[in-house]
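For reference, the structure discussed in these notes is given below.
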Amino acid sequence: MNPPTRDARLLAMQVVERLTAAGHQAYWAGGCVRDLLLGHIPKDFDVATSAKPPEVQKLFRRTVAVGASFGVISVIGGPGLTIEVATFRSDGTYSDGRRPDQVTFSSAEEDAKRRDFTINGMFFDPAKDEVLDYVGGREDLARGLIRAIGDPALRFREDKLRLLRAIRFASRLGFGIDDETYAALCREVDSITLVSVERILAELRQMIEHPSRVRSIEMLWSSGLFPRIYPELVAASYDRRQLDHSLAVLGFSQHAVCFAWGMAALLASIETTQARSLVRTILHRQRASNDDIAKADWLVSHRDLWRDWVAKPTHALKRVLAHPAAADLFDLAEATERAELGLADQVDQLRRQWGAWTPSELDPEPLVTGKDLLDWGYSAGRIFKEILETVRDKQLDGELDSRDEAEAFIRRRWC
Ligand code: ATP
Ligand code: MG
């Protein structure tokens, strides 16, 4: 277990001990119990307790009321180390399709029943080493099933984010979705638009970055969620054949990938100019970061380098390969060549060429700067860019080696 997880586990244990010593019920809850039972390392540990928020705050020195209206208090154990402690609760009615209008504090059993899926609805008592399972989570874990707790139609109607969570857990864990739960999910797909784009993006990001991304996208497609999430692709007549090509590319990278890579691969079957415009439009609408948008756009625009790199001048090649996302571009190119041709000969050759250049050959310090041009009597303006780019290209091509040579060249060409 890595040190941050060990520290979180220790703190989660201490939190439960202190709450219990003060006469409250307290357990580890939800995702961490699921992960422990699966033998996975939990991302984080959450605690559920009968103690009310003010009682939790009294017992711990450093706390933050992160979700006061839901009864969630963060206990801070050190830098970057917090445990969320939530009072057992039942959720009231949901009128916005996402969050309960009000919550009432209740029992452990009620708290289990307000959770989304049976495998996420268990508690664990670390002192007694005992699982508390009011919802049949252990059986579903053993069967490999995602099953809504209670009436699936109602549970999806309450909170539409659960539509995406069901698919994310199913694909990530390699589980099936219980028939009734899946039927209810498919009936509810139209209402996914009630979830904020930020939350949708956060779910999609987790799906796409994970090695199980092909299964996630398959399930988004077969459930009918895909066109609701990517209306731009419907408008572009994105069809099953195009999806299959993209899935082949996506599937050739078995490891975790960055989100921008995944988006570029998803659009692998769309013509480059259109794909660039689509990836920017989709990610902008989903409020992705500017870095993600720029990276996805860059990957799409250079994704065919492996096909025609031999004909490219050295400077053009070096400019692309010096980019910080070049390694991702190679992954994308390799996945594409393998999906199309079953091998990656062209990409391997290009990779060898890339590796043969030292970092200073690939991206050397510029021979000339704008300040030099001013010193030499050129006035700032459009010509600056032309001079600097031309000198840079000649430097990358190995035709200019020193500042003196560059100066002589500039004075000759732009006298
Ligand atoms: P992950 O490994 O992705 O963190 P998780 O199951 O821990 O998975 P969280 O979003 O951290 O997911 O939520 C913690 C727990 O809170 C869940 O296991 C589940 O019991 C409950 N929960 C989270 N989101 C919902 C929801 N939308 N509806 C009902 N219960 C939820
Ligand atoms: Mg979690």
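Readers should treat all values here as calculations from the given coordinates under stated rules, not as data from a laboratory. Being a predicted model, the structure only gives us computed values, none of them experimental. Quick reminder, even Gly has a Cβ in these numbers, built from the backbone with ideal geometry, and neighbours come from all protein chains shown.
Distance between the modelled labels on R382 and R411, one decimal in nanometres: 2.7 nm (7 Å Cα→Cβ projection).
For the stretch 77-209, DSSP calls about 80 percent of its internal beta bridges antiparallel. Model label points for D96 and A356, set 7 angstrom from Cα along the Cα-to-Cβ axis, are 5.9 nm apart. Karplus-based coupling profile of the stretch 280-286, in residue order and whole Hz: 5, 5, 5, 5, 5, 4, 7, with θ = phi - 60° in 6.51 cos²θ - 1.76 cosθ + 1.60 and x standing for Gly or Pro. With the helix formula -39500 (n - 2.57) applied to DSSP H stretches of n ≥ 4, the chain reaches a computed 222 nm mean residue ellipticity of -16000 deg cm²/dmol.
Pairs of Lys residues in the chain are counted when their Cα atoms are under 24 angstrom apart and they lie 8 or more places apart or on different chains; the count is 17.
Which of rounded, prolate, oblate describes the stretch 144-217, given a ≥ b ≥ c as roots of the alpha-carbon gyration tensor eigenvalues and a/c under 1.5 marking rounded, otherwise prolate only if a/b is larger than b/c? Cα axes put the stretch 144-217 in the oblate bin.
Extension gain, D44 to D401, is 123.1 nm, computed as 0.36 nm per intervening residue step minus the present C-alpha separation.
Between 0 and 90 degrees, rounded to the nearest ten: what's the tilt of helix 290-301 against the longest Cα principal axis of the chain? Taking the Cα atoms of the chain, the angle to 290-301 is about 50 degrees.
Beta bridges per DSSP, both residues in the chain: antiparallel share near 80 percent. The calculated pair-distance distribution of the stretch 1-140 uses every alpha carbon pair, bins of 10 angstrom beginning at 0, and gives 12, 44, 36, 8, 0 percent.
If you take the Cα centroid of the stretch 64-124 and the Cα centroid of the stretch 32-54, the two points sit 11 Å apart. Where in the stretch 289-324 does the label zone of E340 land, with the point 7 angstrom along Cα→C-beta and an amide N cut-off under 17 Å? The answer is 299-312, whose backbone nitrogens lie closer than 17 Å to the label point.
Residues of the stretch 101-117 with an amide N closer than 17 Å to a point placed 7 Å from the Cα of K128 along the Cα-to-Cβ direction: 107-112. In this Cβ point-charge picture (+1 for Lys and Arg, -1 for Asp and Glu), the chain has a dipole of about 660 debye about its Cα centre. Between A183 and R143, full extension at 0.36 nm per residue minus the direct alpha carbon distance yields a gain of 12.5 nm. Full extension of the segment from Q274 to V66, taken as 0.36 nm per residue of separation minus the current Cα-Cα distance, would add 70.6 nm.
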